[in-house]
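**Q** Encoded as structure tokens, here's the structure I'll be asking about.
FYI, it's all coordinate maths here, none of it is from the lab. No experiment lies behind these values; they were computed from the predicted model shown. Cβ placement follows ideal geometry from the backbone for every residue including glycine, while neighbour counts extend to all protein chains displayed.
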Amino acid sequence: MAKEQISREEAIQVLTMYQDLASDAETKERFIEVLADAGRAIGYAPAMRCLVMCVSPEDAIRWGK
């Protein structure tokens, strides 16, 4: 999705979905897969801010404000 133009609201929804998947990950490998998928979908910086640094999806997405 990052290659396509998506709205900020859509990106927040997608990141929230990946946040739920990451919280359900039971292994480090699964968490890394979710993180990589989120990075490809909305960008690696917002994915890292949200999934690794525990920033809310609204604050992790800095574009489109």
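**Q** Over the chain, calculate the relative contact order: mean separation of alpha carbon pairs under 8 Å at least 6 apart, over the residue count, as a percent. Present the calculation step by step, with values, prior to reporting the outcome.
**A** Numbers: 57 pairs, mean separation 25.3, N = 65.
Normalised by residue count, the contact order of the chain is 39 percent.
**Q** Further question on the same structure: For a quick check of your reading of the filter: which chymotrypsin sites (Phe, Trp or Tyr not before Pro) in the chain sit in a DSSP loop and have no more than 14 other Cβ atoms within 10 Å?
**A** Details: sites: Tyr18, Phe31, Tyr44, Trp63; in loops: Trp63.
Those that pass, being in a loop and sparsely packed, are Trp63.
**Q** Mind pulling up the Rg/Rh value for the chain? Radius of gyration and Kirkwood radius, both on Cα. Working shown, then result.
**A** Details: Rg = 10.8 Å, Rh = 11.4 Å.
On the Cα set of the chain, Rg over Rh gives 0.95.
**Q** Okay, next question. Loop only by DSSP, 15 or fewer other Cβ within 10 Å of the Cβ. Give me the trypsin sites (Lys or Arg not before Pro) in the range 1-59 that pass, ordered by residue number. Can you show the working numbers first?
**A** On the way: sites: Lys3, Arg8, Lys28, Arg30, Arg40, Arg49; in loops: Lys3.
Sites meeting the loop and neighbour criteria: Lys3.
**Q** For the chain, which GluC sites (Glu not before Pro) are in a loop by DSSP, counting at most 15 other Cβ atoms within 10 Å?
**A** Working: sites: Glu4, Glu9, Glu10, Glu26, Glu29, Glu33, Glu58; in loops: Glu4, Glu26.
Hits after loop and neighbour filter: Glu4, Glu26.
**Q** Dipole of the range 8-60 (Lys/Arg Cβ +1, Asp/Glu Cβ -1, origin at the Cα centre): which of Pro46, Val14, Thr27 lies farthest to the positive side?
**A** Of the listed residues, the answer is Pro46.
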